[in-house]
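Enquirer: Please read through the structure below; I'll follow up with questions.
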Amino acid sequence: MMLSLTVVLLVMWPLGRAQESISWEVQRYDGWYNNLLHHSRGSVGARLQRLLPANYADGVYQALQEPHVPNARQLSNAVARGPSGLPSRRNTTVLAVFFGFHVLSDILETEKPGCPAEFLNIHIPSGDLVFDPAGTGDVVLPFQRIHWATETGQSPNSPREQTNEVTGWLDGSSIYGPSHSWSDALRSFSGGQLASGPVGHLPRETDGRVPMWKALDPSTGQGGPRGIYDLGSAWGNENRFLQAESIAWFRYHNHLAAVLAQAHPTWSDEDLFQHARKRVIATFQSIVLYEWLPTLLGTSVPEYKGYQQHLDPSLSPEFVAAAGQFLATMVPPGVYKRDPKCQFQKVPGPSGSFPAMRLCNSYWSREDTGLQQAEDVDVDNLLLGMSSQIAEREDNIVVEDLQDYWYGPLKYSRTDYVASWLQRGRDLGLPTYNQARERFGLKPLQNWSVLAPHLEQQVLEKVAALYANNTAGLELLPGGMLEVDSSLFSAIILDQFVRLRDGDRFWFENTKNRLFTVEETREIRNTTFHDVLSAITHAKPTDLQPHVFVWSKGDPCPQPQQLTAQHLANCTPMTVLDYFEGSGAGFAIIIVALCCLPLVTLFVAWIVAILRKRDFKKLQKKQSSSVRREVTGEAIHAMEWHGPKTDSSPVYIQFQADKVLKVLDQRGSVLRSISLKAHRSVEVILSSNKGNKALLLKSPKEYDLVLLFSEEAGRTNFIRKLRGYLEESSLDLHMSEMKEQRLMKRAVTQEQRKQILETFFRHLFAQVLEIDRSDAGELNLESSQKTKESLTCELSRAEFAKALGLKANSMFVDSMFSLADKDGNGYISFREFLDILVVFMKGSPEEKSKVMFRMYDIDENGFLSKEEFLRMLRSFIEISNNCLSRDQAEQVTESMFRASGFQDRDELTWEDFHYMLRDHDSELRLTQLCIKGHCLSFWLLKGVPEVLKQNLHNRVSFIKKEEPKGHSSLPNRTISEEEKDPNLDTVSHYVEREGRELRKRPGRKVNQHQLHLYTEAQRKKYKRNKVQQKIQEFKRFIENYRRHIVCVVLFSAITTGVFVERAYYYAFASPSTGIAQTTFVGIIISRGSAACISFMYSYILLTMCRNLITILRETFLNHYIPFDAAVDFHRWVAMAALIFSVLHTAGHVVNVYIFSVMPLSVLSCLFSSVFMNDGSQLPQKYYWWFFQTIPGMTGVLLLVILAVMYVFATHHFRRISFQGFWITHHLYVLLYVLVIIHGSYALIQQPRFHIYFIIPALIYSTDKLLSLSRKKVEISVVKAELLPSGVTHLRFQRPRDFDYKSGQWVRIACVALGTTEYHPFTLTSAPHEDTLSLHIRAVGPWTTRLRELYSPESLALISKLPKLYLDGPFGEGHQEWNKFEVSVLVGGGIGVTPFASILKDLVFKSSISSKLLCKKIYFIWVTRTQRQFEWLADIIREVEEADRNDLVSVHIYITQLAEKFDLRTTMLYICERHFQKVLNKSLFTGLRSITHFGRPPFVPFFNSLQEVHPEVQKIGVFSCGPPGMTKSVEKACRQLNKKDQTYFAHHYENF
């Protein structure tokens, strides 16, 4: 009792403000607490209450469909097809019919589509006259299932139950709305009135505040709010006639409020509104139960016996279907309009005027033909017309306006009302016809003939055939429609309304609710709808019949005739709406634009690269200390034409005194010299075209010079000077003219000359090596002319020097050219070149030494003087940038004479010279003349013995294990033994001797200790077949890269798991939104990839936590995680994330397209927080998804950012513009912000990015803060030194507590440069030193500006050394050099910096007897020239001096020189070995370390280490330098690691 009292007090709490005149319990708008025991009964969202068990196919929720039940359209045609124009048997008016629909809208709204969207589509039979006249058989009318209670439909014990979206009480919700907020939106809050529009007698047009249903007008396709009024029922505007009924009650409320306001002027708006509402609801209840219902059913309603609290008044699905279908059979094809004077009005139409408004053209009408012109009068005329018009007969026939032209769902403008309700009955799970009859005590159907004896036999036969003559299968709706007396429908409807009355606590006749007095109740009972219409229309009471729901004979204003479809305008035929119409081009443009984002970014990066290159070139020009030669005023300016596909360039022509024409560029550098010494005349051809600007100067045996002048005067001036110059030089000038086009064709361009020389060399090598003619180029008739031209051409000195890769003025070229030019004409012919080449390619050592002797026997006296010997030596040294002084060269010469016993001689004969080279026969045997572009290419690989070929590729020495005494690998050989197989013996002899030399430390006592043979370390070597080899290689690969593989597999597994989890969730286990059914592929791809992106973009941060990685690499985790590969892993994750980003975008592109063609009813299920289904159908356009939603806009911005970041992060652009990479990569902050915003909108799912992001973000932030704390500390530079080769040496203070290991690196910034841009550099100082040092090479803008900043000139201006910001140290693989017994350090270019620190650290630790695992280090220094990094030579020299334990073996490879077995390099090699032997240091570097020529052969070198250190299981290889070099080292390591021998662990760093 107390609980009930509490509830009553709660619901009586005033909804507005407290008013003394309201003494009753105000009924809630949403229907709650009407029943105090069952609070939710009849409330908004309450379930429909079944009278019988659900009839579903699976007993749970699946609706019956074909073939278990007939096709809905066929059944509709069989049951409801028939002629219109038959009047109601009880003369029921059309007003009663549409009043009935208004009553249903008050207690029932089940049209809301269910979520997820489910469809029971209606398949139209082929050839249907209305929907498929073409007979395609493909027409399917969509039908969407209505909303259901989500907690039902899970099991047979709880089958699906639908819900009612309005209150289930007769409480005026169709007038005031089903919620308090809805009611407030309808009110004017003035005088207790409902808000009116401008006219005053009509509601306001909807403005979106009230969720009115706004379906499209099927006759015009129009939509929008125009013509849609704010009413209590969302569907109140469905047609003009239902709209008029709703407006009548709107007016009646305002009428009563005005009357009450006049009677009670002191009442507030709330008082007036609630009193008027109470009276309107009571009047509505009375009219429905006691006037309308008896008229409709033809039976009286049982007497009211009082409120029954335990009676369940809930609406039943049976009532929902029966009431709607019963009323539908009475709907006419049109509705009359009349005025109070009984004048029936004509209605204008598309082809004239008609007697009535056509129903099919009045659904959701937006036209300005009625209510918009004198709207209040028009409503009156409709209400009066309906009161005079007799409805259609209560039978099975439904007019075509409903059966064929009902407004359609989704894309179709029309559908079948009857077929739709048949599907709705199946959706509701209605019982069969017989089950329903038994429920209401009616006799079940046993025979088809008993069902409808009044109908034609043909109708029953069709229906019986559709149900296979099974009366038990007959469904409720068709059975009820075919009944002769509608007994079943009447019973269902009467039962429902009686239960609604008796179970309503707020029923107006319930005296216990104290709503009305007995007198007021009697007054309400006596109020009829006639009274209502009289009060709200302009008609007098006498203008209407007393009982407006029935028209009886003698009543005023009879209808002109019973309307049929033939009397009315034609129905607008069905149209199919294409939601994507007109969007295809724009959608495609957006897709193309998204795909072009990388291209646009590439273009921007290309522009940036061009600008950076231009700025860098300017900076280089500014920094260049070389003094450019000024072009003299005598030079003539012109443009040189290089060919049809090459741009012309500005040049200057100078006439030299020694019969030489020089072509200079704008800087004064000589581009080419044209010698006229061998010519008697000069041929010049002029163009005869208008303007006369071109000139061709023929240059025999070279390419021609074509000059273009800006004007004819310039060309004339050139000819005048040329003529004068030639006269002074006693040369003739021959001039001719021709058209410019012909002149260009006749000219021999540089490219053509290059092709001629290519043919020249091809046939030259073809003859020397005796290769096939097809390889050299077949001399067919078509090319014979060009070939003859090539073979008859002669090389100039410049072309000969270029072929050798040398300068034209070098002594070697001069000597060789003079020797080859037998006729002395200044050019080398094909035969002359062939003669000299044969000697070097096939000659014996004696023949080659004789050629060299003749080359430098300048006076040709048969003797080689010391001066000539010195000249020869200097010509060889010249190609190594003249690294030796004349004194050093003379010292080498004297020592070589002395070593051969010729110290007392001033001249050498050839025999003496050959004797001097006696120890180098093997080198001379392999010596060639290396022609640039040919020596190592196709030609040497075509006719050279295989053994020699291998050694030509391995042109440098490698290490071999020393043999025990008595097992020398060098047996005493005689000359005859070597001649048996000269290639094999010579090569093996050379290699073995080289191996011994590499192991020796010059100047030290050779260690006589023999290596102990560890049998455990030896691998069994046996031949395997290819399958076994592949298996072994795979095993070795797994063993070598197990840490990398485990990490990659683990990360990939997590990523795959994240993808699969999200994909599975949205495919099969997602919440009931139906998104998987809508866009299955798109949602799986987009959601799965989104999860992967969230995971990858979060944990990629850990790869950039440099401080954390530096710490962790010193822990046990380094045994399981390859921290050295952090950057590579970062790139790998980034690329994978990019792929998933593209997949995510592709998935959303699919989604956007599908969402753009999905109706609003589906979208409102998918995105309930964004869309509300108001019947307007039309989805948002594609551009709304891309640019007008938070996820769309942020997604596009993210794609732009990703494109920028990834393009600028590529190796190419990173090298060109590191600053661009630095700036764009810092967009990662914006990236994460946008990712968070992108997901926070929760369009599809709740934000999940934070799940992955929080932990990595905290770790990264901590790491970043640690770096920032160091970055802001200024470091003083102690010493700055500019070294050769653009290297800047900086020595600066070591911060307190700055502990680091050799091989680690730091990041520095210089604020004096006006930027906080940080760059990484490896420390070259050792950990034991008190200061830190860096060697920075100026190769980019920042490093070049840094070098300029620390130049003496700049320091003189600022008078102090600029300070640095320091961040680090950071660890990398190089710091692990001391974890291997044997380590190989390979440094190329500036990449030697980490090894400078390592070498110094090693020697220091060795000197203090520190315990070291590392027993031997091989340092390979690869440099273009020994002068490039002279500072490293100083460090190596210090290491050599301090290395007392023979820990370090240094090998220097000079790559600038020609190949090892080239003539020049051979002689340098001989001199180098002699210099080492005599002076115990290198001829080139001054170090005791061995100097080699060419590139290091890593595979043989590493292979030899396996033999020298057989007991070592793992050798560490550490490389740093250009990518090409590190790739070569990596390739060599992988190749050797395939074998079951020593494992080479490679750690590398590129720059």
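Enquirer: At 7 Å along the Cα-to-beta-carbon direction for both LYS1411 and SER730, put a label point, then send me their distance in nm to one decimal.
Expert: Between LYS1411 and SER730, the label points sit 8.9 nm apart.
Enquirer: Find out how many positive minus negative residues lie around PHE580, taking Lys and Arg as positive, Asp and Glu as negative, among other residues whose Cβ is under 12 Å from that of PHE580.
Expert: Taking every Cβ under 12 Å from that of PHE580, the sum is 0.
Enquirer: Something else: Given the Cα-Cα distance of GLN262 and LEU311 and 0.36 nm per residue of separation, how much length would full extension add, in nm?
Expert: Gain in length upon complete extension: 13.6 nm.
Enquirer: Report the calculated FRET efficiency for ARG1437 and ASP887 (r = Cβ-Cβ distance, R0 = 25 Å), to the nearest 0.05.
Expert: 0.80
Enquirer: Turning to a different aspect of this structure: Identify the trypsin sites (Lys or Arg not before Pro) of segment 209-284 meeting these criteria: DSSP loop state and at most 15 other C-beta atoms within 10 Å of the C-beta.
Expert: ARG209, ARG226
Enquirer: Oh, and also: Ignoring ligands, DNA and RNA, what percent of the 1.4 Å accessible area of segment 1213-1255 is carbon and sulfur?
Expert: Carbon with sulfur: 71 percent of the solvent-accessible area.
Enquirer: So how much slack lies between SER681 and GLN1029, counting 0.36 nm per residue of separation and subtracting their Cα-Cα distance, in nm?
Expert: 118.2 nm
Enquirer: Accessible area per residue for segment 703-745 in Å², computed with a 1.4 Å probe and the full protein assembly in place, what is it?
Expert: Per-residue accessible area for segment 703-745 comes out at 60 Å².
Enquirer: If you don't mind, there's one more thing I want to ask. Could you grab the relative contact order for segment 152-257? Cα pairs under 8 Å, six or more apart, rounded to a whole percent.
Expert: RCO, segment 152-257: 26 percent.
Enquirer: Quick one: pull the percent of accessible area on segment 39-145 belonging to carbon and sulfur, 1.4 Å probe, ligands and nucleic acids left out.
Expert: Ligands and nucleic acids excluded, carbon and sulfur reach 52 percent.
Enquirer: What whole-number value in Å² describes the accessible area per residue of segment 426-579 for a 1.4 Å probe?
Expert: I get 46 Å² per residue for segment 426-579.
Enquirer: Right, another one. Apply the a/c threshold of 1.5 to the C-alpha gyration tensor of segment 506-599 and tell me whether it is rounded, prolate or oblate.
Expert: Verdict is oblate for segment 506-599.
Enquirer: Can you give the local net charge around PRO1179? Use residues other than it whose beta-carbon is closer than 13 angstrom to its beta-carbon, Lys and Arg +1, Asp and Glu -1.
Expert: Cβ neighbours under 13 Å give a net charge of -1.
Enquirer: Looking at segment 339-442, I'd like the Rg to Rh ratio, where Rg is from alpha-carbon atoms and Rh is Kirkwood's inverse mean 1/r.
Expert: Reported Rg/Rh, Kirkwood definition of Rh: 1.09.
Enquirer: Please say if segment 1089-1206 is rounded, prolate or oblate, where rounded means a/c under 1.5 for a ≥ b ≥ c the square roots of the C-alpha gyration tensor eigenvalues, and otherwise the choice is prolate for a/b larger than b/c and oblate otherwise?
Expert: The shape class here is prolate.
Enquirer: With the other protein chains left in place, how much accessible area per residue, in square angstrom, belongs to segment 1283-1376 at a 1.4 angstrom probe?
Expert: Counting only protein heavy atoms, the per-residue value for segment 1283-1376 is 38 Å².
Enquirer: Taking the highest mean first, how do the peptides 1207-1219, 580-592, 1516-1528, 458-470 order by number of other beta carbon atoms within 10 angstrom per residue?
Expert: With the highest mean Cβ count within 10 Å placed first, the list reads 1516-1528, 1207-1219, 458-470, 580-592.
Enquirer: Sticking with this structure for a sec: Modelled label-to-label distance, ASP904 and ARG720, 7 Å Cα→beta-carbon offset: nm?
Expert: Once both label points are built, they end up 7.3 nm from each other.
Enquirer: Find the relative contact order for segment 1154-1250 and round it to a whole percent, using C-alpha pairs within less than 8 Å whose residues are 6+ positions apart.
Expert: 24
Enquirer: Rounded to the nearest 0.05, what FRET efficiency do ARG522 and LYS341 have when you use their Cβ-Cβ distance and R0 = 35 Å?
Expert: 0.55
Enquirer: Compute the signed sum of charges (Lys and Arg +1, Asp and Glu -1) over the other residues within less than 12 Å, Cβ to Cβ, of SER1325.
Expert: Once positives and negatives cancel, what remains is +2.
Enquirer: Simple spin-label model, 7 Å along Cα-to-Cβ: SER190 to ALA1242 in nm?
Expert: Here the modelled spin labels are 4.0 nm apart.
Enquirer: What's the carbon and sulfur percent of segment 559-621's accessible surface, probe 1.4 angstrom, rounded to a whole number?
Expert: 67
Enquirer: Rounded to the nearest 0.05, what FRET efficiency do VAL1127 and PHE1068 have when you use their Cβ-Cβ distance and R0 = 41 Å?
Expert: After rounding to 0.05, the efficiency reads 0.55.
Enquirer: Where Rh denotes the Kirkwood radius from the mean inverse Cα pair distance, what is Rg over Rh for segment 83-168?
Expert: Rounded to two decimals, Rg/Rh equals 1.12.
Enquirer: Let me ask something additional. ³J(HN,Hα) across segment 204-216 via Karplus (A = 6.51, B = -1.76, C = 1.60, θ = phi - 60°), whole Hz, x for Gly/Pro?
Expert: Each residue of segment 204-216 in turn: 6, 5, 5, 10, x, 6, 9, x, 6, 6, 10, 5, 6 Hz.
Enquirer: Further question on the same structure: Amide H of PHE354: which non-local residues (sequence gap of 5 or more, or other chain) have their own amide H closer than 5 Å, using H built in the peptide plane?
Expert: Distant-sequence amide H within range of PHE354: VAL347, GLY349.
The values are calculated or read from the model by the stated rules, or taken from the named source; none is laboratory data. As the structure is a computational prediction, the values presented were derived from the model and not from experiment. Cβ coordinates were reconstructed from backbone atoms using ideal geometry, including for glycine residues, and neighbour counts include every protein chain displayed. Only protein heavy atoms, including side chains, enter the accessible area calculation; ligands, DNA and RNA are left aside. Shrake-Rupley method; radii C 1.70, N 1.55, O 1.52, S 1.80 Å.
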